[in-house]
4 protein chains.
Amino acid sequence: MIVVMKRGASPEEKERVYQELRLAGLRYQAIEGVERTVIGVIGTQTETRKVQLDVLPGVEKVIPILRPYKLASRELKKDDTIIVVNGVRIGGNQVVVAAGPCSVEDQESLIAVAGFVKESGAALLRGGAFKPRTSPYAFQGHGEPALKYLARAREVTGLPVVTEVMDTKDIPLVSKYADILQVGARNMSNFSLLKELGKQPKPILLKRGTASTVTELLMSAEYVLSGGNMNVILCERGIRTFENGTRNTLDLSAVPALKEATHLPVFVDPSHGTGRRQYVEAMSKAAIAAGADGLLVEVHSNPEKALSDGEQSLDPNDFAGLMDGVRRIAEATGKSLRSLNG
Amino acid sequence: MIVVMKRGASPEEKERVYQELRLAGLRYQAIEGVERTVIGVIGTQTETRKVQLDVLPGVEKVIPILRPYKLASRELKKDDTIIVVNGVRIGGNQVVVAAGPCSVEDQESLIAVAGFVKESGAALLRGGAFKPRTSPYAFQGHGEPALKYLARAREVTGLPVVTEVMDTKDIPLVSKYADILQVGARNMSNFSLLKELGKQPKPILLKRGTASTVTELLMSAEYVLSGGNMNVILCERGIRTFENGTRNTLDLSAVPALKEATHLPVFVDPSHGTGRRQYVEAMSKAAIAAGADGLLVEVHSNPEKALSDGEQSLDPNDFAGLMDGVRRIAEATGKSLRSLNG
Amino acid sequence: MIVVMKRGASPEEKERVYQELRLAGLRYQAIEGVERTVIGVIGTQTETRKVQLDVLPGVEKVIPILRPYKLASRELKKDDTIIVVNGVRIGGNQVVVAAGPCSVEDQESLIAVAGFVKESGAALLRGGAFKPRTSPYAFQGHGEPALKYLARAREVTGLPVVTEVMDTKDIPLVSKYADILQVGARNMSNFSLLKELGKQPKPILLKRGTASTVTELLMSAEYVLSGGNMNVILCERGIRTFENGTRNTLDLSAVPALKEATHLPVFVDPSHGTGRRQYVEAMSKAAIAAGADGLLVEVHSNPEKALSDGEQSLDPNDFAGLMDGVRRIAEATGKSLRSLNG
Amino acid sequence: MIVVMKRGASPEEKERVYQELRLAGLRYQAIEGVERTVIGVIGTQTETRKVQLDVLPGVEKVIPILRPYKLASRELKKDDTIIVVNGVRIGGNQVVVAAGPCSVEDQESLIAVAGFVKESGAALLRGGAFKPRTSPYAFQGHGEPALKYLARAREVTGLPVVTEVMDTKDIPLVSKYADILQVGARNMSNFSLLKELGKQPKPILLKRGTASTVTELLMSAEYVLSGGNMNVILCERGIRTFENGTRNTLDLSAVPALKEATHLPVFVDPSHGTGRRQYVEAMSKAAIAAGADGLLVEVHSNPEKALSDGEQSLDPNDFAGLMDGVRRIAEATGKSLRSLNG
């Protein structure tokens, strides 16, 4: 249910609405727009029907949200959500690229990679400290030391850091170092984790599960939003299909589908999405042409020697080429590439 | 790597092998067979090559395990693993059926359901206390009170209890009440959870993720086994495909594929696998005919009023019919149905 | 639309209905039951609304068919359709197994295979003369000579012959030799072929396409039925999914789904469905336990040397074992195995 | 096997090679490049090994083709194939858009649609005369009259015509009117049809089957090429997955995958690929950004009243907007939009 306040409704009038909702035991989220305030009320139809708000002063109208996701819905909020991370605006008319190694390996090589991805125009640094791996015998990430390397690379380059958190118990540790907390595809339906992430303030980059629909991705975002954290970036990263020429099938139609359904920013990960280095540039350009707000790209100084996912990592030179192409596509769609250079 | 000890190798000879492995920093798991002991050594080929064990007294031979899963592999252990839970043997020539409501609702109805599923021949009671739900606004399970109801129903009926654990932090709580801890399909790749479950002693029922291959299911089992808990039951419960006439596509060929690859018991969940009550009996019989060791079936005294998954729950009468059919199929394949009756 | 005639309606009364339908330009199919006649009328709701039949003498009621398939629907015909081919009844309480080589290779080996599959209890002989192959450079089948070998093997063994027809122009040729015309999975949506097959009298074995839903399979059957040929056997043979441990994912829940939706007989092909010899017996038993009316199994005297699909073909010995298992499962479900022996 | 002739090899030297191949019963296809001639030899390794060509005068080297498709492979032909249809060059550095109604309805509306798609920059006219429909009771296309309308629209606008052929027996009829013969997704594995199309000269637009891999699409193209017709345009149009928010999942990574594997032109059909009008523009731009040579777009003067696929058809106004976007993306990738205007 959405409560649309009249233009110029007073703070007292809004407070009166909040009071009624609290009395009825309903949670809510106020969206302060330029012209007016709208209030998203969380609850089933049966629950929200218990309060009668349209008669209150300052209330213009009360309308139901038809989609199963409420706070994530464009029905609630027409304007695109913009998430600002250390000065980088995600979700507007700028394209933002997060780049870096699959796994953080050591301090030196990380700073080197961070330096050249920044130079090529990346605005965020990505890198794995905790790695979800199919095999218990595979490299599982360097953990806290890797987080420290990331924090140090941020100091040197100014690039905000995106890294994955895999378990509720690791949230405090990862939050200490990261600017954006990533939820991997395998954890998209780890609802315990999503609930905890809703209670803390760092923005979330939520990857689509490989067998999850676009609607389910939005429902998972709703777990975070309904906990109180409205800063969620959605990320398409490929789904599982019968096609075995690529690691996954990157579902780019998820981009316009999400843009229609939600106000949240939408990223695309063409590295996991294809699993093959030689297709990453083409799919990066396609993602931006389809309307994505940003990309997540794996880059390694020496992909052949990467501890994980070398097959899909770009070297610095190919990444620079990719960024040139992405910049041209961004401009052709009326956007620009956000860079921390110059 | 597998170390096969000679028939009649002495405890000292075995201890000598363990000592070498510990010195090399390698973990291992000894399987004491009737005739001889085999020792599964965990580690990459590079790591295991560091020790030379074939020259030690009592060692017959050292052989590599070719499959990516090691402890789960039939290469390591030819005989079927049998897991005994409160006297119920899972994994031998008896078919074991776990039945009960999707969500535990209240004490009284749970005891009633437990009573009639036992009467029809079920040997385990299943029921959800913590429910992973796509929507944050949907019923999330009654939590600890539901666990208490389950424990009480076990007292009354003698049926051991299977219930889901969704997060590392809930393991102590759920373990307190449950006999078998279930990992749901959505958490099959929640490796943090699997690692913790490997360190505790309760048997695990591990459901296949809806976009996971049979090999990945075995790799997830390997996370538990390599932590030291060798009691894992695998469960096929349907995968995601384009077919929309059923909720999922129950992949019964996973049964012979798993039986070939692993010594662990294999269950099938035809309720989630089809999502449609009227197909559950046919698929239960098919699962047993394909060689499954057991079933997980949703039963509710009044499916129309169930708090979750009513569409796929059977009523007591249909369940009794299903059990008759299953018993006949079990016998036609040279097995029998394990019942706690009479 | 279904026109249900009164019990004991006279031939004149029926003829009157047919006349009205012909006058309105509507096609129809009369199903003569033991007790009464029902007439399936083909056409959109707009078209069928043009005639008013419920006022005619002998007409009990006129009811719409809600499913998109009409003649295939159980709404039209409650009883199972039984198709009799040279004395073999398909679709009743007997299980019928069609077995033989993927490709027909030569006369001698075909007669040998036909002999031992008959001995093990098969009631139909299957074998490919025209083979749809992914590569234009692969063996495409021996064509007409293979058809002649099949006809000769039928003479020797008495087993009716099932073989594939791939193109409208080949129908007369294949019909000359075969008892049942098979439409392969790749041609399930070759509507030109289906239309032509509807106009000729030989029964059709229609395989489900690898990306086709159960409903689409029924719609393809409807193409044949609406052309006037009511003898269609449906066949589940595996769909395409992400799982790559098997060639396809055999969707056995299609069996109860089809049994609910249609009166037509349902077969299962576990050879293509799994693509792996060692899973064929388990899935054959599972198919019968799920309620299938028959099986299509690839058997070769020497699978290692087969010109196609050797990996999924059984040798005579394994096939005999499979048939023992199938017989026991059939009996456990109240059916029996139809054999031409003894 | 590829025979690479020396630069400046004489016609006699080439003829000598052809002669040897014919003697050995091998088919071949000569590709006359600017600098040299390469000859693709069709056959299995066993067959091609029978001739020794590397000793002949004028032969530089003989190399095997490793991929299962031979004539379609970039190993055989490095340069992009360009297919010229009535002056429209398909496959170079120009983007070509084919647009028009799903089904051809009548002469007048077809000419109107053809006029405005041309005005917006389309270079080909598409429209269905024979329509493959899931239901036998649905509109099946107007057949030959529709072909005549298409031919007349070509006369008026100059736009070459693309239309589908569904059966071998219809090839002569459709060829009489169409400039490019389309093979629909349902017929991608109708090998009888592909073989016949290989024997006639009109270019083929071959759509990917909804459950076919990229490699299988190339193998189907190989059926046409190996018959002697080297003019095949490949078309990605969406595959079947579990995602149900779109009609199919448009697999744009097929574009770079095909561009790497083959010299043939690659089109994308975002109308069938998404099935939803509001996503067609985004996916059209993404397709061109990914490197596609052209698009197939459904346009209707009044989508709400279309006889088929109205939900995915654009109206003239939206199509004009799409073409503006596509033109900008084409230019950002160093290509231009081919238009018959001005």
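Quick notes
- In the range B:18-40, the residues that are over 19 Å from B:LYS199 (Cβ atoms) and among the hydrophobic types (A, V, I, L, M, F, W, C): B:LEU21, B:LEU23, B:ALA24, B:ILE31, B:VAL34, B:VAL38, B:ILE39
- Options D:ALA72, D:ALA114; residue that is in contact (Cβ under 8 Å) with a residue 24 or more places away in the chain and away from chain C (no Cβ under 14 Å): D:ALA114
- The residue that is farthest from the other protein chains (Cβ to nearest Cβ), counting only those in the range A:297-338 that are under 21 Å from D:THR333 (Cα atoms) and among the hydroxyl-bearing types (Ser, Thr, Tyr), is A:SER336.
- At least 2 residues being facing chain C (nearest Cβ under 10 Å) and buried (at least 24 other Cβ atoms within 10 Å of the Cβ) is the threshold, and among the helices (runs of 4 or more DSSP H) wholly inside the range D:147-229 those reaching it are D:191-198, D:214-225.
- A:GLU144 being without any contact (Cβ under 8 Å) to a residue 12 or more places away in the chain, assigned by TED's automatic domain parsing to the domain that holds A:LEU322 and either surrounded by fewer than 19 Cβ atoms within 10 Å (Cβ to Cβ) or aromatic (Phe, Trp, Tyr) (or both): no
- Residue among A:LEU250, A:LEU264 that alone is surrounded by 24 or more Cβ atoms within 10 Å (Cβ to Cβ) and within 9 Å of chain D (Cβ to nearest Cβ): A:LEU250
- Screening the range B:29-48 for residues that are within 14 Å of chain A (Cβ to nearest Cβ) and surrounded by fewer than 12 Cβ atoms within 10 Å (Cβ to Cβ) and picking the one that is farthest from B:GLY8 (Cα to Cα) gives B:THR46.
- Residue match in the range A:102-118 (condition: closer than 19 Å to A:ALA292 by Cα, hydrophobic (A, V, I, L, M, F, W, C) and in contact with a Phe, Trp or Tyr (Cβ under 9 Å, 6 or more places away or on another chain)): no
- Test result for D:LEU307, more than 29 Å from D:LEU218 (Cα to Cα) and in the same structural domain as D:LYS207 (by TED's automatic domain parsing): yes
- Among the candidates D:GLY40, D:GLY92, D:GLY33, D:GLY87, residue that is small (Gly, Ala, Ser) and on the phi > 0 side of the Ramachandran plot: D:GLY87
- Hits in the range D:258-295 (condition: among the hydroxyl-bearing types (Ser, Thr, Tyr) and over 22 Å from D:THR241 (Cα atoms)): D:THR262
- Subset of the range C:235-247 (residues that are at negative phi and within 14 Å of chain B (Cβ to nearest Cβ)): C:GLU236, C:ARG237, C:ILE239, C:ARG240, C:THR241, C:PHE242, C:GLU243, C:ASN244, C:GLY245, C:THR246, C:ARG247
Okay, residues lined up against (1) closer than 30 Å to A:ALA138 by Cβ; (2) at pLDDT 95 or above:
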| position | (1), (2) |
| --- | --- |
| A:LEU307 | yes, no |
| A:GLN312 | yes, no |
| A:PHE319 | yes, yes |
| A:MET323 | no, yes |
| A:VAL326 | no, yes |
| A:ALA330 | no, yes |
| A:GLY334 | no, yes |
| A:GLY342 | no, no |
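- Test: residue in the range B:151-170 that is over 21 Å from the mean Cα position of the chain (by Cα), within 30 Å of A:GLY198 (Cβ to Cβ) and either modelled with pLDDT of 95 or more or hydrophobic (A, V, I, L, M, F, W, C) (or both): no
- Matching residues in the range A:178-197 - criterion: being in contact (Cβ under 8 Å) with a residue 40 or more places away in the chain and over 16 Å from B:SER189 (Cβ atoms): A:ASP179, A:ILE180
- When the range D:291-327 is filtered for residues that are touching a residue at least 40 places away in the same chain (Cβ under 8 Å) and of a type in the set (Lys, Arg), only D:ARG327 remains.
- Filter result (under 26 Å from the mean Cα position of the chain (by Cα), closer than 17 Å to A:LYS6 by Cα and hydrophobic (A, V, I, L, M, F, W, C)) within the range A:35-54: A:VAL38, A:ILE39, A:VAL41
- Enumerated helices (runs of 4 or more DSSP H) restricted to the range D:243-342, each holding at least 3 residues that are closer than 26 Å to A:ALA261 by Cβ and more than 21 Å from the chain's Cα centre (by Cα): D:277-289, D:316-332
- All of (1) crowded, with 23+ Cβ neighbours inside 10 Å; (2) closer than 17 Å to D:ALA287 by Cα hold for A:LEU296 with one exception: (2).
The values are calculated or read from the model by the stated rules, or taken from the named source; none is laboratory data. Predicted model only: the values in this text are computed from it and were never measured. Glycine also receives a Cβ, built like all others from the backbone with ideal geometry; neighbour counts cover every protein chain displayed.
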